[in-house]
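> Please read through the structure below; I'll follow up with questions.
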Amino acid sequence: MQAAERSFAIIRAFGQRRQVLSQAQVAELTGLSRATARRFLLTMEALGYVGRDGRNYFLRPKVLDLGYAYLSSMSLWDVAREQMELLVRQVRESSSASVLDGTDIIITARVQTQRIMTVLVEIGTRLPAHATSMGRVLLADLPSAALDDYFGKVVPERLTPRSITSEQELRVILKTVASQGWCLLDEELEEGVRSLAVPLRDKQGAVIAAMNVCAHASRVSADRMQEEFLPTLLQAAATVDKHTCSKG
């Protein structure tokens, strides 16, 4: 168990801004000793999960097998992507799906029309839950104890002048999201970008993922997103939910 935990910690140490790391940097980011970090890096190199260029290490494409194994084990994502492709053709804006992981969301599916965000969004991208429409949809379904635990761990960052970082304000917003069943985010993750998200549910009605549509604020108003995009997005989510409920 400890070996697996350390291996995944090393994988998570790499990221969009840390594509190449030295042994010392891996040790610092994971809290491992240099000797332990070196031993695990050499093992992971032998297995094909990391590569090495001199003293620096980088992730190899084989790491994607770990994520694809998870995604392929859930037919939910196949159906979700089909519906997202249909959604994108209808609204002519990009769509993503995600799951909650700690204080972040992880993008698990993405259908793009044209790039409107300076933040790179692709499968595997982590984004702060508090500042995303999908994150708020996922947080809104958490039991009280789990939500308290979330706020005990997170330090909400102000990413734009519109970002809401107050725990009290966020809790009020999450109650509204839970009640209405969707979330509209207006330039809180990135200036000039609006997003609208709805939950994806299992057969018990629990929220297991979220799906969104994202548009540039100069092109699509908040009112238009709610009036035109929301019914289409809700229909796409309902189709995914229906498939999920029919399984098992």
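The values are calculated or read from the model by the stated rules, or taken from the named source; none is laboratory data. Everything numeric in this text was worked out from a predicted model, so none of it was measured. Counting neighbours? That spans all protein chains shown, and the Cβs are built from the backbone with ideal geometry, glycine included. All accessible areas refer to the heavy atoms of the entire protein, side chains included, with ligands and DNA or RNA removed. Shrake-Rupley method; radii C 1.70, N 1.55, O 1.52, S 1.80 Å.
> State the number of residues belonging to region 156-204 that are of a type in the set (D, E, K, R), within 17 Å of the chain's Cα centre (by Cα) and either over 18 Å from GLU93 (Cβ atoms) or in a strand (DSSP E or B) (or both).
3
> Which one is farthest from ILE208 (Cα to Cα), of the residues in region 78-110 that are surrounded by fewer than 15 Cβ atoms within 10 Å (Cβ to Cβ) and acidic (Asp, Glu)?
Going through the qualifying residues, I end up with GLU85.
> Just checking, does region 129-152 include any residue being open to solvent by 60 Å² or more (accessible area, probe 1.4 Å), in contact (Cβ under 8 Å) with a residue 60 or more places away in the chain, in a loop (DSSP other than H, G, I, E, B) and over 26 Å from LEU64 (Cβ atoms)? Before you say what the answer is, go through the steps one by one.
Initial filter on region 129-152 (open to solvent by 60 Å² or more (accessible area, probe 1.4 Å)): 141, 143-145, 148-149, 152.
Still in the list and also in contact (Cβ under 8 Å) with a residue 60 or more places away in the chain: 141.
Okay, now just the ones that are also in a loop (DSSP other than H, G, I, E, B), so 141.
Restricting the remaining residues to those that are over 26 Å from LEU64 (Cβ atoms) gives 141.
The answer is yes; a qualifying residue exists.
> Quick one: would you say ARG12 is modelled with pLDDT of 85 or more, of a type in the set (Lys, Arg) and open to solvent by 30 Å² or more (accessible area, probe 1.4 Å)? Show your work before the answer.
Values: modelled with pLDDT of 85 or more: no; of a type in the set (Lys, Arg): yes; open to solvent by 30 Å² or more (accessible area, probe 1.4 Å): yes.
It is false that ARG12 is modelled with pLDDT of 85 or more, of a type in the set (Lys, Arg) and open to solvent by 30 Å² or more (accessible area, probe 1.4 Å).
> Of all the residues that make up region 205-233, how many are free of Cβ contacts under 8 Å to residues at least 40 places away in the same chain and touching a strand residue (DSSP E or B) at 6+ places or on another chain (Cβ under 9 Å)?
Total satisfying the criteria: 4.
> Under 7 Å by Cβ, and 6 or more places apart or on different chains, what pairs join a residue from region 99-114 that is under 21 Å from LEU86 (Cβ atoms) with one that is at pLDDT below 90 and open to solvent by 50 Å² or more (accessible area, probe 1.4 Å)?
Filtered contacts from region 99-114: ILE107/GLU122; ILE107/ILE123; THR108/ILE123; ALA109/ARG81; ALA109/ILE123; ARG110/GLU122; ARG110/ILE123; VAL111/ARG81.
> Checking the structure you have, find out if any residue of region 190-202 is open to solvent by 40 Å² or more (accessible area, probe 1.4 Å) and in contact (Cβ under 8 Å) with a residue 60 or more places away in the chain.
no
> Could you tell me how many of the residues in region 218-248 are open to solvent by 20 Å² or more (accessible area, probe 1.4 Å) and part of a loop (DSSP other than H, G, I, E, B)?
5
> Check LEU159 against each of (1) in contact with a helix residue (DSSP H, G or I) (Cβ under 7 Å, 6 or more places away or on another chain); (2) buried (at least 23 other Cβ atoms within 10 Å of the Cβ) and name the one condition it does not meet.
All conditions pass for LEU159, except number (2).
> May I pose another question? For GLY205, all conditions in the list (1) among the small types (Gly, Ala, Ser); (2) surrounded by fewer than 19 Cβ atoms within 10 Å (Cβ to Cβ); (3) in contact with a Leu (Cβ under 7 Å, 6 or more places away or on another chain) hold save one; what is the number of the exception?
Unmet condition: (3).
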